[in-house]
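Report on the structure given below.
Here, each number is a calculation from the coordinates, and none is a lab measurement. Since the model is a prediction, treat every value here as computed from it, not as a measurement. Counting neighbours? That spans all protein chains shown, and the Cβs are built from the backbone with ideal geometry, glycine included.
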């Protein structure tokens, strides 16, 4: 038989055969009101479909009946402890974590691609730029000292060498005549070299062995070679001076050119870092916009699964989220109608 509490509306399924005598008294679990139950006659007992209602033992040491289904919450105001505070715990990655991993993977791929491109193309680009720049300076100096070398105007030759040594990135300028004598040898900045090398230059002048390290093969007009001079990596280019038999040697700092090229492409990496920061900020905003309604839907689904079908499903959102919220609301309304 089915007994309903007049105070809170809670329904209980009671085994009439266990009622001793004509009537019994039980206490309502919800509002603690005392219910008086009269044992029905066989003809008066009705059939109900409430097979899954909460069971309740009578106050007269009656054994609790088996509960087959959770009933919806009563129509009165629920206690704070009866309302689920958040979605049930589950194993696996959350949607926000998945979004973050996807974003992190995109950043790693982009950074790896740029690093690969930098290591593959930039070193060769640096070498090419150093070689072309040094070659241009060498040819310019060769043209400028051609006539002074023919007339043995060594003062003019040293002036040309000194002016070109002041160009950015130039380490030294040397002019050698057909006899192999260095008629002009000027360093741009001796402080850039090692102390021992500086002392040697101040004592003996421009080192004679530097022009010999980059020898122009017979039948060619120019030659280039990487040298280590005074602890510095130098790109030396030698160019013949017309038909005089003389040679111009121009040495440029490799590190200085590398720094110049790096400063050129530095804005690219700065912009990339800025885009990553902006992307990370947008990720947190988008993740919050998407995951917050989903968490709310999980809370609502859990609330309905616990039998609380009184309050309608209220979830802000559009598109697929709105469709899920509407479907959940239909389930809640159907459960409420069935219980009533």
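A compact table of results
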read-out: Relative contact order %, the range 270-339, counting alpha carbon pairs below 8 Å whose residues are six or more apart; value: 27
read-out: Förster-model FRET efficiency, 51 Å R0, residue 116 and residue 198, C-beta, rounded to 0.05; value: 0.80
read-out: Whole-Å semi-axes of the ellipsoid equivalent to the range 103-260 (Cα gyration tensor, √5λ, descending); value: 35, 18, 13
read-out: Stretchable slack from residue 132 to residue 167, in nm (0.36 nm times residue separation minus alpha-carbon distance); value: 11.1 nm
read-out: Semi-axis lengths, Å, the range 270-339, gyration tensor of Cα atoms, sqrt of 5 times eigenvalues; value: 37, 10, 6
read-out: Relative compactness, the range 209-340, computed as alpha-carbon Rg over 2.2 N^0.38 Å; value: 2.65
read-out: FRET efficiency estimate (nearest 0.05) - Cβ-Cβ, residue 292 to residue 264, R0 45 angstrom; value: 0.50
read-out: Cα centroid separation, the range 183-246 to the range 102-128 (Å); value: 36
read-out: Label-point gap, in nm, between residue 322 and residue 276 - each point 7 angstrom along Cα→Cβ; value: 3.9
